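Below is one structure, written out as C-alpha cells; comments come after it.
The values are calculated or read from the model by the stated rules, or taken from the named source; none is laboratory data. For clarity, every value in this text was computed on a predicted model and none was experimentally measured. Every residue, glycine as well, gets a Cβ built from its backbone with ideal geometry; the counts of neighbours run over all protein chains shown.
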Amino acid sequence: MRHATIIFYFCAALLLSACAEEQSMEPGQTNNDFADTTKISNESIFSQEPSNQAKDKLSNHDEISAVKAVNTDKNIVIAIEVDHHERFTLSQIEKKYKKEMEDKFKDKKVEFSTDKKIVLELEKLEQDIKDNTITKKELEKELKKIVKLSKEQT
C-alpha cells in the first residue's frame with residue numbers, strides 16, 4: 001500500500017513537471033521583447049517608414065504583444081494585439097494609443113484597431129508589400145477595404 005502511494009505521487013509530480021510550460025528568457029530580456037513586429041520597406045510602392053516608426057513606438061509598451069501597420073501618403077492603419085489579461089481595459093488602451101499615434105502623425109489620418117481580423121488583414125498586406133506583389137493602386141484599395149471593415153465592426 002505504501003509503495004503504491006509513493007509511486008502515485010512520483011507519477012503525479014513527473015506528469016506535472018512534464019506539462020509545465022517553459023518560457024525561455026535570456027538575462028536582461030523583458031517580456032515586451034517578444035512583441036510581434038515586422039519592419040517592412042519597399043520604396044517602389046510607398047515608404048513604410050511611418051509604419052515602422054509606429055511599430056517601434058508601440059512595441060515598447062508591455063501590454064502590447066503584436067503591432068501591424070501599413071501606410072500610404074495620407075493614411076496610416078495600425079492594429080495591435082494586447083495580452084490576454086489586458087483585454088478588460090481594452091477600450092482605455094485603444095483610446096490611449098490612438099491619441100499617441102494621432103499626436104505623432106499629425107500629417108496623416110490615423111486608423112487604429114485592436115480587432116484580430118484587422119491584425120490579420122494588415123499582416124497579409126505587409127507580406128504583399130515585403131514580397132513586392134502589390135501595386136500602389138492596389139495598396140490604397142486594400143487599405144480602404146480594411147478601414148471600412150474596421151468601421152463596420154465597431
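Values computed for the structure shown
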read-out: Flag for residue 71 being polar (S, T, N, Q) and modelled with pLDDT under 70; value: no
read-out: Count - residues of region 125-140 that are surrounded by fewer than 12 Cβ atoms within 10 Å (Cβ to Cβ) and free of Cβ contacts under 8 Å to residues at least 24 places away in the same chain; value: 3
read-out: Filter result for residue 109 (basic (Lys, Arg) and at pLDDT 90 or above); value: yes
read-out: In region 94-106, the residues that are out of contact with any strand residue (DSSP E or B) (no Cβ under 6 Å at 6 or more places or on another chain) and part of a helix (DSSP H, G or I); value: 94, 95, 96, 97, 99, 100, 103, 104
read-out: Residue 127 more than 27 Å from residue 152 (Cβ to Cβ), at pLDDT 90 or above and assigned to a helix (DSSP H, G or I); value: no
read-out: Given (1) without any contact (Cβ under 8 Å) to a residue 12 or more places away in the chain; (2) among the hydroxyl-bearing types (Ser, Thr, Tyr); (3) in contact with a Leu (Cβ under 9 Å, 6 or more places away or on another chain), number of the condition residue 91 does not satisfy; value: (3)
read-out: Region 65-93: number of residues that are over 19 Å from residue 149 (Cβ atoms), hydrophobic (A, V, I, L, M, F, W, C) and outside any helix (DSSP H, G or I); value: 1
read-out: Some residue of region 36-47 being under 29 Å from residue 113 (Cα atoms) and modelled with pLDDT of 80 or more; value: yes
read-out: Residue that is farthest from residue 58 (Cα to Cα) [pool: residues in region 107-117 that are of a type outside the set (Ser, Thr, Tyr) and either within 15 Å of the chain's Cα centre (by Cα) or in a strand (DSSP E or B) (or both)]; value: 117
read-out: Yes/no for residue 62 being out of contact with any Leu (no Cβ under 8 Å at 6 or more places or on another chain), surrounded by fewer than 17 Cβ atoms within 10 Å (Cβ to Cβ), free of Cβ contacts under 8 Å to residues at least 60 places away in the same chain and assigned to a loop (DSSP other than H, G, I, E, B); value: yes
